[in-house]
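Working notes, beginning with the structure itself.
A short reminder: the numbers here are calculations on the coordinates, not readings from a lab. None of these values were measured; they are calculated from a predicted model. Cβ: placed from backbone, ideal geometry, glycine included. Neighbour counts: every protein chain shown.
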Amino acid sequence: MKDIALILGIRPDVIRASKIIKLINKSENIDFDFIWSGQHYSDNMKDVFFNQLNVPTPDYEFNIDNKNDATTVSSIINETYNHLENHKYKAVMFLGDTNTVMGSIGVAQHNIPIIHIEGCMRSYDWRMPEEKYRKIIDHLSDRIYSYLPSYKKQGLNEGISESIIKVTGNPIVDILEDFKDLFSTGEQYLNEKVKKFINDEEYILVTCHRRENIFNARSLENIVNLVNSANNKVLFAMGYSTQRQIKEYGLCFNDNVLVIDPIGYLEFIYLLQKSNYCISDSGTVVEEACVLGIPSIQMRYSTERPEVYEVGSSIKFDPTSENHNFNEIHMNAFDLNNVEWTHPFGNGLSSQLIVDDLIDLNINNKFNMHNKENYDFDISRSFLK
């Protein structure tokens, strides 16, 4: 029996978990398996992230059906359940809020304790698939690592026991600090077309991947109009699904916009640090920009990370709205370059705090936190004397 299985499925989660994986590997007190769910199934991009971050390749990889969300989730549950039929663990750990964390249902069916990194984040927007996933895994979990006290409070408000939730700070801060010297090497991974396009000039970096943005013609048109209204050069690192939808809707970019395929992490952070500001619908990218002191425009109707607005590092752009002053949006983002803020995401010790707690739970056999004594209220009426 191994102590822990860590199941990840998308590249941003590999980034966030990379130091945790390394610390666990160095520890003599935890024996674990790393499992790839297959939610992000572009092998070349997945391997780039593993190599650049020096993350070991997974011990196991699931074979799932990515035809749509329903087939992805159901096959992840099934693959997780079947894996646990043949491999035993004291606990299974997930990170984030995507389809992959629904594997926790398969874990729960085996009555194996569940650990959730990035717990109790809430947008309170039920249109978001992730909001439903967060709720489910948090209420199944025996240990939740929340990044901020405000997130913990959200979990407590839902009746999750205080003993289950531990505030750690955000591991993305650890990664950005640990790799800061390596990010300067990101330029070597850029192709000549990108280097020539930038040519030491000011530019804006853009990403867009969320389903509610790219599969809604009006929202995607608003995003293209926002990008086209920029006075600077724009470098748009665009995923393949977004590229397909741009083509399907017949949308076009101005000559000052260069669309490129997805890139690795080192070159992305290199480009982010050099940009005037970024435009993105990615919560992770907006967090990274906040930590690095780069202004951002967040293209989302709602967010589970309102802290970026509260500290003043980001402004909101709602792609679902009909009325936009695109020039004003760009001016406001540019003006944030003159604003100083302190990011709220922690001190770079999050990964170590998480691993230290995992070691304690493992050594003392305390993974199961759904015992009668773990509840913050009287549940005796549900049990026979």
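Summing +1 for each Lys or Arg and -1 for each Asp or Glu among the other residues whose beta-carbon sits under 13 angstrom from that of Thr71 gives -2. Applying D = kT/(6 pi eta Rh) to segment 177-338, where Rh is the Kirkwood radius over alpha-carbon pairs, T corresponds to 25 °C and eta to 0.890 mPa s, the Stokes-Einstein value obtained is 154 µm²/s.
Note on segment 177-338: with charges restricted to the Cβ of Lys and Arg (+1) and Asp and Glu (-1), its dipole about the Cα centre is near 480 debye. Summing Lys and Arg as +1 and Asp and Glu as -1 over all other residues whose Cβ lies under 14 Å from the Cβ of Phe377 gives a net charge of -3. Which shape class applies to segment 97-176: rounded if a/c is under 1.5, otherwise prolate when a/b exceeds b/c and oblate if not, where a ≥ b ≥ c are the square roots of the Cα gyration tensor eigenvalues? Rounded is the answer for segment 97-176, as its axis ratio a/c remains below 1.5.
Anisotropy class assigned to segment 1-70 is oblate, per the alpha carbon gyration tensor with a/c at or over the 1.5 cut-off and a/b no larger than b/c. A crude spin-label estimate for the pair Asn364 and Asn337, with each label 7 Å from Cα along the Cβ direction, gives 5.1 nm. Could you please state, rounded to a whole Å, how far the C-alpha centre of segment 175-246 is from the C-alpha centre of segment 296-334? One Cα centre to the other: 16 Å. Listed by chain and number, the lysines whose C-alpha is less than 27 Å from the C-alpha of Lys274, apart from same-chain residues fewer than 8 away, are Lys19, Lys46, Lys180, Lys193, Lys195, Lys196, Lys233, Lys316. The residue among Val101, Ala289, Ser146 whose Cα reaches farthest toward the positive pole of the charge dipole of the chain, with charges on the beta-carbon of Lys, Arg, Asp and Glu, is Val101.
Translational diffusion of segment 302-385, estimated by Stokes-Einstein from the Kirkwood radius over alpha carbon pairs at 25 °C in a medium of 0.890 mPa s, is 134 µm² per second.
In the chain, inverting the average of 1/r over every pair of distinct C-alpha atoms gives 21.8 Å as the Kirkwood radius.
For His209, the amide hydrogen comes within under 5 Å of the amide hydrogens of Asp281, counting only partners 5 or more places away or on other chains and with H modelled in the peptide plane. Rounded to the nearest 0.05, what FRET efficiency is calculated for Ser382 and Asp357 with R0 set to 30 Å and r the Cβ-Cβ distance? Working from the Cβ atoms, E equals 0.55.
Computed over the chain with a Gaussian network model linking Cα atoms closer than 10 Å, the most mobile of Asn323, Asn51, Asn63 is Asn323. Computed over segment 177-338, relative contact order equals 24 percent, with contacts defined as Cα pairs under 8 Å that lie 6+ residues apart.
A straight chain from Glu221 to Asn327 at 0.36 nm per residue would run longer than the Cα-Cα distance by 36.6 nm.
Note on Lys166: aspartates and glutamates with a C-alpha under 15 Å away, same-chain residues under 8 apart excluded, are Glu118, Asp138, Asp142, Asp356, Asp357, Asp360. Normalised by the number of residues in segment 13-160, the mean separation of alpha-carbon contacts (under 8 Å, six or more apart) gives a relative contact order of 17 percent.
For Gly293, no residue whose modelled amide H falls within less than 5 Å of its own remains once neighbours fewer than 5 places apart on the same chain are excluded. What is the sum of charges, Lys and Arg at +1 and Asp and Glu at -1, for the other residues whose Cβ falls under 9 Å from the Cβ of Phe345? The answer is -2. Based on DSSP H segments of at least four residues, each scored -39500 (n - 2.57), the chain has a per-residue ellipticity at 222 nm of -12000 deg cm²/dmol. Can you classify segment 28-150 as rounded, prolate or oblate using the Cα gyration tensor, where a ≥ b ≥ c are the square roots of its eigenvalues, rounded means a/c under 1.5, and otherwise it's prolate if a/b beats b/c and oblate if not? Rounded shape, in that the Cα axes give a/c under 1.5. If I take every Cα pair under 8 Å that is 6 or more residues apart in the chain, average their sequence separation and divide by the length, what percent do I get for the relative contact order? Worked out over the chain, it gives 16 percent. Taking amide H positions as modeled 1.01 Å from N, with prolines and chain starts lacking one, the residues under 5 Å from Ile260 and 5 or more places away or on another chain are Phe236, Ala237, Met238.
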